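To keep things clear, I will list the structure first and then write my remarks on it.
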Amino acid sequence: MAVKRMIEAIREALDEEMARDPRVIVLGEDVGVKGGVFVATRGLLEKYGQDRVIDTPLSESGIVGVAVGAAMNGLRPVAEIQFADFIHPAMDQIINEAARIRYRSNGAWGCPLVVRTPYGAGIRGGLYHSQSVEAFFAHVPGLKVVIPSTPADAKGLLKAAIRDEDPVIFLEPKRGYRLIQGEVPEGDFVVPIGPARVAKEGSHLTAVAYGMMLHLTMEAAAEVQQEGISVEVIDLRTLAPLDRTALVESVKKTGRALIVYEDNLTMGMGAEAAAVLAEEALYHLDAPVRRLALPDIPATPFAGVLEDAVLPNAERIAQAMRELARA
Amino acid sequence: MYRFMVLSRALDERMWIIQRQGKVPFVITAHGQEAAQVGAAMALRPGQDVIVPYYRDMALMLTLGMTPRELMLNVFSRAEDPNGGGRQMPAHFSLPRLRVLTGSSPVGTQIPHAAGAALASRLRGEDSVTFCSFGEGATSTGDFHEGVNFAAVLKLPVIFFCENNQYAISVPVRRQMAVESAAQRAAGYGIEGRSVDGQDPVPVYLAVSEAAERARAGRGPTLIEVRTYRFVPHTSDDDDRTYRTRSEVEEFRQKDPIPLMRRRLEEAGLWDEQREKALRDEVAAIVDDAADYAERAPRPDPASVMRHVYAD
């Protein structure tokens, strides 16, 4: 298997799905001639033409709204929002329209679209190029929310998202686009939406993470391993629908849980994971569930020292693991 | 045209009675806008053209082929209602057999959908036009701009059909737009704009037919404004006496499209008292049947409430 960067795996998935299925189109600001600001769609215009790779006017609600209409009328649109921070004008189209179409029409219409968008911090992007938006969408039944943390998953999950009959919000950890490399299976490799992945087995505590935080959590787990703390790391991969079983089964084994995410602390994935464990694994817990997340500030500040002051890093995660192991 | 206008009005009046009787919680109807909607529907090809309506399009839906029973099932929120099986509010139309896309309540959101549907039709090489209707209030939304602009830039086969009934709930059109006519906005997008009398189905039919021809010829979208008036409150929950005078409503009643159309047919020698009576009897029977059928139809099964969140 070839080793690839995450951005290359995403491009490969788009290319293969467009070749496989003529209903797949790509649309968004800059996706055509430029190939996307992160070049995820580079080369697709030349290969599939401007009818299927559409440089749109700058209009987030319009991009998603057009994708919704196209999806209802037989296409498989993959809409790109340049940064997750710019997705808010499209929230109504995503939440009130895409997510509700199947339910409100009593199953008569579906909305098979993918909204891809780079998200997350750690790139010195400041408030409007660093946001984590997953909890907004994971709250909404009708949507599926997927976050890959490896190039293989990025390819496999994106292919699954494009083939899914329902709307999928596909959040790409942009700090990892080039930083994260890994083996990517050639050809038609699909990773099902839903199941979490055990990224590392362990016995003393469970650390739950996704996206870029998964890698920092793995780093921290390797560090505390040397101190005799065995951490089981769960990569959620799909935030909605959430793999409750994977969380519960792991905690039954370890008795402790730490949830790491770079979204704001309050009402983020940590709250949901903790609630699941309280409901379904309380008597297996040997210590209170712990969350490590961005504090409740309106996204990460621009200056490097300020960003570093708030964003979870491997050192802080390792410290949280040590404290939890002793608790 | 006249038959559909009369039938729509009769269904409409029965729906308000049913609501006032407390049998259903809510109605929203086409009262006063029948000519505009019937005229437009007559210019479309049911089942071939894609329809993206809004919540006041009962006469449009009836003319395209939604049956009176189906409309009544919708008002009664019965399991058999094809629009949503009791999940969606009345008048939020959805009907795959007529290619009517499902819609929501926030206004204007369907306008980008129409652009997307037209994009899909063109990509698949279909000979179809997408027809998208909305009130004048929707022209103030961002989605109106984004959807029309998108369709204009890509020269998509769409007809944007603005039913200007003078009020967005209580806000009069002069507080909605600083231009004389919604159609003037078309120039800003580089597309054709037309403003026509919405109390007469014939010019509406002609305008929509021309727009459909233009769309099929690859010459892009058209924005049509039809000037009309709603004689009743926005919905059964609204009281329009708080924002408009009775004399104003009475003044517009003089332009009620149904008597106007009847007079025109009589003057042309195509209509008489006998034909009118026969039509009224036929319509009364249809409305009775639809209302009785829908009232007796089973309610949705509460056990089904978790279905259709995702594909099964």
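The values are calculated or read from the model by the stated rules, or taken from the named source; none is laboratory data. Keep in mind it's a predicted model, so treat the numbers as computed, not measured. Glycine gets a Cβ as well: all are built from the backbone with ideal geometry, and neighbour counts include every protein chain shown.
Out of everything in the range B:93-112 that is within 16 Å of the chain's Cα centre (by Cα) and either without any contact (Cβ under 8 Å) to a residue 24 or more places away in the chain or at the interface with chain A (Cβ under 7 Å from one of its Cβ atoms) (or both), what residue ends up being nearest to A:ILE94 (Cα to Cα)?
Taking the range B:93-112 as the starting set, the residues that turn out to be within 16 Å of the chain's Cα centre (by Cα) are B:93-95, B:98-111.
Those left that are additionally either without any contact (Cβ under 8 Å) to a residue 24 or more places away in the chain or at the interface with chain A (Cβ under 7 Å from one of its Cβ atoms) (or both): B:94, B:101-102, B:104, B:106, B:109.
Values: B:SER94: 19, B:LEU101: 16, B:THR102: 15, B:SER104: 12, B:PRO106: 13, B:THR109: 11 Å.
Among residues in the range B:93-112 that are within 16 Å of the chain's Cα centre (by Cα) and either without any contact (Cβ under 8 Å) to a residue 24 or more places away in the chain or at the interface with chain A (Cβ under 7 Å from one of its Cβ atoms) (or both), the one nearest to A:ILE94 (Cα to Cα) is B:THR109.
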Within the group B:THR228, B:THR222, B:THR235, which residue is closer than 29 Å to B:ASP12 by Cβ, polar (S, T, N, Q) and at pLDDT below 95? B:THR235
Within the range A:91-120, of all residues that are touching a Leu at 6+ places or on another chain (Cβ under 9 Å) and of a type in the set (Phe, Trp, Tyr), the one nearest to the other protein chains (Cβ to nearest Cβ) is A:TRP109
Those residues of the range A:212-243 which are touching a residue at least 40 places away in the same chain (Cβ under 8 Å) and either of a type in the set (Ser, Thr, Tyr) or in a loop (DSSP other than H, G, I, E, B) (or both), in sequence order: A:THR217, A:GLU227, A:ILE229, A:LEU236, A:ARG237, A:THR238, A:PRO241, A:LEU242, A:ASP243
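Within the range B:254-266, identify whether any single residue is among the β-branched types (Val, Ile, Thr), under 22 Å from B:ARG20 (Cα atoms), outside any loop (DSSP other than H, G, I, E, B) and away from chain A (no Cβ under 14 Å), and answer yes or no. I'd like the intermediate steps shown before the answer.
Pass one, the range B:254-266, residues among the β-branched types (Val, Ile, Thr): B:258.
From what's left, under 22 Å from B:ARG20 (Cα atoms): none.
No, the range B:254-266 contains no residue that is among the β-branched types (Val, Ile, Thr), under 22 Å from B:ARG20 (Cα atoms), outside any loop (DSSP other than H, G, I, E, B) and away from chain A (no Cβ under 14 Å).
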Against the definition (at pLDDT 95 or above and closer than 25 Å to A:ALA99 by Cβ), how does A:TYR177 come out, yes or no? no
May I ask you to list pairs of residues, at least six apart or on different chains, whose Cβ atoms are under 7 Å apart, with the first in the range A:266-280 being farther than 13 Å from A:PHE136 by Cβ and the second being charged (D, E, K, R) and buried (at least 19 other Cβ atoms within 10 Å of the Cβ)? A:GLY270/A:ARG291; A:ALA274/A:ARG291
Residue selected from the range B:294-312 under the condition part of a loop (DSSP other than H, G, I, E, B) and more than 9 Å from chain A (Cβ to nearest Cβ), by the criterion surrounded by the most Cβ atoms within 10 Å (Cβ to Cβ): B:ALA297
Filtered residues of the range B:181-212 (kept if within 12 Å of B:GLU136 (Cα to Cα) and assigned to a loop (DSSP other than H, G, I, E, B)): B:SER181
Checking B:LEU71 against (1) more than 9 Å from chain A (Cβ to nearest Cβ); (2) closer than 17 Å to A:VAL68 by Cβ; (3) out of contact with any Gly (no Cβ under 6 Å at 6 or more places or on another chain): exactly one of these is not met. Which one? (2)
For the range A:45-53, state whether one or more residues are surrounded by 18 or more Cβ atoms within 10 Å (Cβ to Cβ) and not in a helix (DSSP H, G or I). yes
Would you point out the residue of the range B:152-174, among those that are in contact with a helix residue (DSSP H, G or I) (Cβ under 6 Å, 6 or more places away or on another chain), aliphatic (A, V, I, L, M) and not in a loop (DSSP other than H, G, I, E, B), that is surrounded by the most Cβ atoms within 10 Å (Cβ to Cβ)? B:VAL158
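Name the residue that is nearest to the chain's Cα centre (by Cα), counting only residues in the range A:88-111 that are part of a loop (DSSP other than H, G, I, E, B) and buried (at least 24 other Cβ atoms within 10 Å of the Cβ).
A:CYS111
May I ask you to say which residue of A:VAL146, A:VAL114 is without any contact (Cβ under 8 Å) to a residue 60 or more places away in the chain and crowded, with 24+ Cβ neighbours inside 10 Å?
Unique residue meeting the criteria: A:VAL114.
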Every listed condition ((1) facing chain A (nearest Cβ under 10 Å); (2) buried (at least 20 other Cβ atoms within 10 Å of the Cβ); (3) in a loop (DSSP other than H, G, I, E, B)) holds for B:PRO90 save (1)
Please go through the range B:116-137 and give me each residue that is in contact (Cβ under 8 Å) with a residue 60 or more places away in the chain, within 13 Å of chain A (Cβ to nearest Cβ) and part of a helix (DSSP H, G or I), ordered by number. B:ALA117, B:ALA118, B:SER121
Taking into account only those residues within the range A:37-84 that are away from every other protein chain (no Cβ under 13 Å) and out of contact with any helix residue (DSSP H, G or I) (no Cβ under 9 Å at 6 or more places or on another chain), which is farthest from A:GLU97 (Cα to Cα)? A:GLU46
Selection status of A:ALA246, in a helix (DSSP H, G or I) and within 20 Å of A:SER149 (Cβ to Cβ): yes
